[in-house]
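The values are calculated or read from the model by the stated rules, or taken from the named source; none is laboratory data. Just so you know, these numbers come straight off a predicted model, no measurement behind them. Heads up, the Cβs are rebuilt from the backbone with ideal geometry, glycines too, and the neighbour counts pull from every protein chain shown. Ligands, DNA and RNA are excluded from the accessible area calculation, which covers all protein heavy atoms including side chains. Shrake-Rupley method; radii C 1.70, N 1.55, O 1.52, S 1.80 Å.
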Amino acid sequence: MLELSYLKEREEVRFLQKEVQETIQGILQILDTQYGADRNKYEGDGAYVIALEE
């Protein structure tokens, strides 16, 4: 399981399929833009993406 909160962490998914990488990067870009790249991922407007691996 991967937990990603910020676009700067996108390298952690480089082993996943390209389509999955692009989707996660798109979501992280939205989170960073809308809620700030310095947010606390567990409080307030924080958020994160969880990717489950097989």
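Below are the figures for this structure:
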{"item": "Compactness of the chain, expressed as Rg and Dmax over alpha-carbon positions, Å", "result": "10.8, 32"}
{"item": "Relative contact order, percent, the chain [alpha-carbon distance under 8 Å, six or more residues apart]", "result": "51 percent"}
{"item": "I50 accessible area, 1.4 Å probe, all protein chains in place, Å² to nearest 10", "result": "80 Å²"}
{"item": "For the chain: accessible area per residue (Å², 1.4 Å)", "result": "75 Å²"}
{"item": "Accessible-area order (highest first, 1.4 angstrom probe) of the listed residues D32, D38", "result": "D38, D32"}
{"item": "For the chain, the longest site-free run once trypsin sites (Lys or Arg not before Pro) in DSSP loop states with at most 16 other Cβ atoms within 10 Å are removed", "result": "15-40"}
{"item": "Positive-end residue of I30, Y48, L16, charge dipole of the chain with Cβ unit charges", "result": "I30"}
{"item": "Per-residue [θ]222 nm for the chain (sum of -39500 (n - 2.57) over DSSP H runs n ≥ 4, rounded to 500)", "result": "-11500 deg cm²/dmol"}
